[in-house]
Each structure stands twice: as structure tokens, then as C-alpha cells.
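So the structure is just underneath, and the comments pick up after that.
Laboratory data are not the source of any read-out in this text; all were calculated from the coordinates shown. Not measured: the values here are computed from a predicted model. In this analysis, Cβ positions are derived from the backbone assuming ideal geometry, glycine residues included, and neighbour counts consider all displayed protein chains.
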Amino acid sequence: MYLGCHVNFGSEQLLGSTKQAISYGANAFMFYTGAPQNTIRKSLNDELTLEALKMMKENNILLQNIICHAPYIINLANKKDPSKWEFSINFLRNEINRCEQMQVKYIVVHPGSAVEISKEEGLSNISEALNLIVKEDDKCMILLETMAGKGTECGSSLEEIKDILDKVNFDNIGVCLDSCHLNDAGYDMTKFDEFLNEFDEIIGINKIKCVHVNDSKNEIDTHKDRHANIGYGTLGFENILNIIYNERLKDIPKILETPYVGKDIDDKSRDYAPYLFEIKMIKEKRFNKNLIKDINEYYNKK
Ligand code: FE
Ligand code: FE
Ligand code: ZN
């Protein structure tokens, strides 16, 4: 099983991410190369990258299980302001180059938002952008994430993802599932095998290269996108285990993007990463109903 979580990139870059992932007991991880909400990026330090790659090897972290995430302000759907659209295209192209420089194989991208334009237009703008970004011999592959359908978000149904992929001239574009987004978009995650059948019919199951495993704070089909800690949301622990341990996705990395926690589940201070404890309970297949208390005790002692 390849299980990990979101980690920081920070001043030590990929080496920092690797160290953090190992400290959580993860053998997969995902990072932003800078702040997720902006596009300011420092140049890469190849020495740190080499050290990171060595550490990954020593800790059995495979290259295909480390994932980059593009900043979420990138919007490939909207061409109304051509300079912004072109900026998104150039930024993403540079981000792919940066990934290749670090030997990172996958970059997750939110397809985009169709602000003040029709969904159809948004979807074809995304395909057009991808055709300008991707090159046939790229060693890093873009993965389109399935979205919750908040506001004018594109890519919240399998049909929309298929529509984008159909108009792209390249095969080397994949899909990243997000269990919270799928639930919020209206897919029943309590019937995950049926969902995979549907995915296979519409898109092809071999397109799935990464799964974001998150519980959801919202009921099915609410189009909200609010992640919950594992077992503390509407999906529940057993359904999440069924996703993570699904035989058909056994070689695919599962990445937790669950919220940091404070003193209790609703505390907004969000001081502590839950990943060490969530990974533990997933590996043991045993729900920890004292998750928040255990996390607080652990980090307060440190
Ligand atoms: Fe995402
Ligand atoms: Fe996600
Ligand atoms: Zn989300």
C-alpha cells in the first residue's frame, strides 16, 4: 500500500518534504513548490534534490508516489483576461519543468473555473490550454483533479473530465480522484466499486494515477468542498478503508489532505498535522475515536 499525505516544501525543498513524510510513517507524499495560493517560486537547489532522492531510496519511497500540486489560483478555464490565461499556461509549463528537474512524475492540477462564461466554453479553454502546455515527451504528467463543483468549478463530473481529455491531443494526461470532492459532487462513496466501474466505462481506470483520500464535512451532492479528518465526516472510516484498500487501485498512491486540528475537532486554531495518527489508524484498520486528544497529547509533549 502506498499511503501518505500533504507535506511542506519549505527551505529544504524536496529534502524537507521527504523528511516530513518519513516522520509521519508515509511512503508517498504531495507538496506545493511554494505557497498554494500564489505563484512566487524560489529556484531549485539541485544538491537538496539529490539528497532527497537518496533519502527516498533508502526509505523505500518510490518516485511514482511523490506528487506535486499546482497552486490553486491557476485557472486554465477562463480566457476572458488573455494575459491571466497565458500567465497560468506559462506558470504551469514552468512548474512541469521544475518537476522534471526534481524527477517528479506527476503534478495535480485543478481544471479551472468558468467564471462568467459557460461550462462548455470553460471546458474547451482547459483543453486548449493543455494542448499548449503539454509536450509529447514530457516526463512529468498532469493529473486533472475531480472537483466538488463549487461555484463555477469545472471537472466535477466524469463526463466533464472526459470532455477535457477528449479534446486534448496527448495521451499523457491522467486523473487524480479526491474522495471528498467526489462525495460533494454527488458520487456515492459508499459504493466505491460501482463508482470505479463507471469511471472505467467513461474514462478508463488506467487514467487514475493518484487518489486524494479525505473525509467530507458535507452531505453527498452539496457542492461544498470541505475536507474532514478520516472517519470524522460523512464518508466514515469503513468507506475510506474500502477506497484505500481497493484491489484495483492498489499500486496508486493515496494522499491525505485532511485538516490540521486544534484542541477539539471544531477548534479553528488548527495547530497540529493529523497525519502521523491518521496513517497509523489506516494501517491498523482500527478507528481511533480519541484522534484529536492523542494528537494534542503527542505534540504538546514535543
Ligand atoms: Fe487539489
Ligand atoms: Fe484534493
Ligand atoms: Zn478540496
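Checking the conditions here, which among Lys207, Lys224 is within 16 Å of ligand 2 (Cβ to nearest atom) and closer than 22 Å to Met147 by Cα?
Within the list Lys207, Lys224, the selection yields Lys224.
Filter region 93-132 down to the residues that are of a type in the set (A, V, I, L, M) and within 16 Å of ligand 2 (Cβ to nearest atom), then identify the one that is nearest to the chain's Cα centre (by Cα).
Per the criteria, the residue is Val108.
Could you grab the pairs with beta carbons closer than 8 Å, sequence gap of 6+ or different chains, first residue in region 139-165 and on the phi > 0 side of the Ramachandran plot, second one within 16 Å of ligand 2 (Cβ to nearest atom) and part of a strand (DSSP E or B)?
Final answer for the pair search is Gly151/Ser113; Gly155/Leu144; Gly155/Glu145.
From the list Val175, Val115, Val104, Val108, pick out the single residue that is in contact (Cβ under 8 Å) with a residue 40 or more places away in the chain, in a strand (DSSP E or B) and either touching a helix residue (DSSP H, G or I) at 6+ places or on another chain (Cβ under 8 Å) or at negative phi (or both).
The match here is Val108.
Can you find even one residue in region 179-199 that is small (Gly, Ala, Ser), closer than 22 Å to Asn65 by Cα, within 16 Å of ligand 1 (Cβ to nearest atom) and buried (at least 18 other Cβ atoms within 10 Å of the Cβ)?
Scanning region 179-199 turns up at least one residue that is small (Gly, Ala, Ser), closer than 22 Å to Asn65 by Cα, within 16 Å of ligand 1 (Cβ to nearest atom) and buried (at least 18 other Cβ atoms within 10 Å of the Cβ).
Listed here are the residues, each with its yes/no results for (1) within 16 Å of ligand 3 (Cβ to nearest atom); (2) of a type outside the set (A, V, I, L, M); (3) more than 20 Å from Leu256 (Cα to Cα).
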| residue | (1), (2), (3) |
| --- | --- |
| Thr39 | no, yes, yes |
| Gln64 | no, yes, no |
| Lys84 | no, yes, yes |
| Ile89 | no, no, yes |
| Leu92 | no, no, yes |
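Name the residue that is farthest from ligand 2 (Cβ to nearest atom), counting only residues in region 155-204 that are acidic (Asp, Glu) and under 20 Å from Gly122 (Cα atoms).
Only one residue fits best here, namely Asp166.
Could you tell me whether Ile73 is farther than 17 Å from Val7 by Cβ and away from ligand 2 (no atom under 16 Å from the Cβ)?
So Ile73 fails the test.
Of the residues in region 31-64, how many are within 16 Å of ligand 2 (Cβ to nearest atom) and either over 30 Å from Ile117 (Cβ atoms) or surrounded by fewer than 16 Cβ atoms within 10 Å (Cβ to Cβ) (or both)?
Residues meeting the conditions: 3.
Filter region 130-154 down to the residues that are more than 27 Å from Leu63 (Cα to Cα) and hydrophobic (A, V, I, L, M, F, W, C) and list them by number.
Within region 130-154, Ala148, Cys154 meet the criteria.
So, of the residues in region 1-59 that are of a type outside the set (Gly, Ala, Ser) and in a strand (DSSP E or B), which turns out to be nearest to Ile255 (Cα to Cα)?
This residue is Cys5.
Return the pair list, or none, for Cβ contacts closer than 8 Å from residues in region 241-261 that are farther than 14 Å from Lys209 by Cα to residues that are in a loop (DSSP other than H, G, I, E, B) and within 16 Å of ligand 1 (Cβ to nearest atom), at least 6 apart or on different chains.
Here the result reads Leu256/Asn214; Glu257/Asn214; Thr258/Asn214, each pair linking region 241-261 to a residue that is in a loop (DSSP other than H, G, I, E, B) and within 16 Å of ligand 1 (Cβ to nearest atom).
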